Every structure is written in structure tokens, then in C-alpha cells.
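A short worksheet on the structure shown next.
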Amino acid sequence: MTTMPARSEFTPSPADVAEVLAWFDRYDAYARARDIEAMADTAMYPLNEVTDGRAESCTREQYVAQLTEQLGDNGEITMESTRTPHFVNENLVFVITDATITVGDFSQQVRYGDLLVKCRDEWKFQTMVQGGWA
């Protein structure tokens, strides 16, 4: 007989949503401060990265190298984001982000998604999804 997952009828409370949004506020603060190690601490490895027609897993070391290259020292970082969490259950949430990211004089509008997994009562992001990287 095939085993099926436990039935999930989870409805997030305002506190559940606030907890996830606060997680992103912390992550964004790390990014603005270019605190790459703190950013890397927020992930569950191997970390999955998905874009148009491609999916890859990366280690912490690879993620740190990517962040180091992307964040560089090209001026002040500002982010304006609207995030929409979609809870799968109390331990899994997929969050769609629409944002404008500005580094120095360059601004770009982006849309991406992150899968967060609750591990030992702490949210970690495990999968990043964004088009345009292929």
C-alpha cells in the first residue's frame, strides 16, 4: 500500500506570517550590511537554486562565493520589498517577493521565490527560485 503524507489543514495565524516576514527583515539587514557569513547561516544546505530550465544545488562555500561576488563593494544597498507567504504547512512556506534593489546608482526590479523550512524551531531557506539567470 502506498504511504501518503499526513493531511495538512494548516491555516497560518498573523503571528506565523509576522515570524516569516521578520526572518526576511533580518536577512535584508544582513545583505545591506554585507554580512555574508550571517546570510549564509540562514540557509539549509545543500541549497537549491532554480532558474529558467536549470536547477542546481550548492554548498555553503559556493553560496558564500556567490554572495561575495554579487554584493561586492559597489555602494550602498537599499531594498524595497513586498513579500507574500504561502504556507504549505506549519513547517514549510513558499514566499514570493517583488522588490526593487538598488546598489549605488543601479536599480533593478526583481521577482523571486524562496522556500523556507522550519528546522529546530528556526526558519532556514532551502530553495531560491528566480527567472533570468540561465
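The values are calculated or read from the model by the stated rules, or taken from the named source; none is laboratory data. None of these values were measured; they are calculated from a predicted model. So basically every Cβ, Gly included, is an ideal-geometry build from the backbone, and we count neighbours across all protein chains shown.
Here are a few things to note about the model shown:
- Listed conditions (1) at pLDDT below 95; (2) among the hydroxyl-bearing types (Ser, Thr, Tyr); (3) within 30 Å of residue 13 (Cα to Cα) are all met by residue 97, apart from (1).
- From 43, 55, 99, 38, residue being loosely packed, with under 12 Cβ neighbours inside 10 Å and among the aliphatic types (A, V, I, L, M): 55
- When residues in the stretch 29-55 are screened for being outside any strand (DSSP E or B) and either farther than 16 Å from residue 127 by Cα or of a type in the set (A, V, I, L, M, F, W, C) (or both), 12 of them pass.
- Scan the stretch 73-94 for residues that are over 30 Å from residue 11 (Cβ atoms) and surrounded by 12 or more Cβ atoms within 10 Å (Cβ to Cβ) and the total you get is 2.
- Test: residue in the stretch 56-78 that is in contact with a helix residue (DSSP H, G or I) (Cβ under 9 Å, 6 or more places away or on another chain), in a strand (DSSP E or B) and modelled with pLDDT under 95: yes
- Look at the stretch 1-23: where a residue is in contact (Cβ under 8 Å) with a residue 24 or more places away in the chain and a partner is surrounded by 12 or more Cβ atoms within 10 Å (Cβ to Cβ) and part of a loop (DSSP other than H, G, I, E, B), sitting 6+ places away or on another chain with Cβ atoms under 6 Å, you get 10/90.
- Odd one out for residue 38 among (1) free of Cβ contacts under 8 Å to residues at least 40 places away in the same chain; (2) touching a helix residue (DSSP H, G or I) at 6+ places or on another chain (Cβ under 6 Å); (3) under 14 Å from residue 129 (Cα atoms): (3)
- Residue list for the stretch 103-122, filter: loosely packed, with under 15 Cβ neighbours inside 10 Å and part of a strand (DSSP E or B): 106, 107, 108, 109, 110, 111, 119, 122
- Across the stretch 1-32, the number of residues qualifying as under 17 Å from the mean Cα position of the chain (by Cα) and either among the polar types (S, T, N, Q) or more than 21 Å from residue 85 (Cβ to Cβ) (or both) comes to 1.
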